[in-house]
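Chemist: What follows is a structure written as structure tokens; I'll ask about it next.
The values are calculated or read from the model by the stated rules, or taken from the named source; none is laboratory data. Everything numeric here is computed off the predicted structure, so don't read it as measured data. Cβ placement follows ideal geometry from the backbone for every residue including glycine, while neighbour counts extend to all protein chains displayed. Surface accessibility is based on the protein's heavy atoms, side chains included, excluding ligands, DNA and RNA. Shrake-Rupley method; radii C 1.70, N 1.55, O 1.52, S 1.80 Å.
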Amino acid sequence: FERSQKEIEVAHIYIGVNETNGLPDTTEAFNKINAAFQELKSGTPFNTAAVRYSQDPGVTTNQGNIGYITVFNLPYNFENIVYTLPVQQISSPYR
């Protein structure tokens, strides 16, 4: 109930996972998202890193900004990250 009383603005960097022989190959995605995460930790603006790394088709327009969310808009694990993260902070990569 408490979460439903508060909207939170969320941005993300989406990295897809390719398949090799029908199995997920996470190595490339892992390397990309960690490179983005290191840049963010060193002070690169979020929108700059999002445009550089995100594979979200709308990233050139939204620069990684998903918009405002409330409960039940995202998968529960992602929602928990969003609602426990301090304002203006980034989370570690989430799969």
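Chemist: Among the residues of the stretch 57-95, write down those that are closer than 24 Å to GLU28 by Cα, open to solvent by less than 80 Å² (accessible area, probe 1.4 Å) and of a type in the set (Phe, Trp, Tyr).
Modeler: Of everything in the stretch 57-95, just one residue is closer than 24 Å to GLU28 by Cα, open to solvent by less than 80 Å² (accessible area, probe 1.4 Å) and of a type in the set (Phe, Trp, Tyr), namely PHE78.
Chemist: Now, a different point. Quick one: how many residues across the stretch 63-95 are without any contact (Cβ under 8 Å) to a residue 24 or more places away in the chain, of a type outside the set (A, V, I, L, M) and outside any loop (DSSP other than H, G, I, E, B)?
Modeler: Qualifying residue count, the stretch 63-95: 5.
Chemist: Restricting the search to the stretch 1-56, which residues are surrounded by 17 or more Cβ atoms within 10 Å (Cβ to Cβ), free of Cβ contacts under 8 Å to residues at least 60 places away in the same chain, not in a helix (DSSP H, G or I) and not acidic (Asp, Glu)?
Modeler: The answer is HIS12, ILE13, ILE15, SER54.
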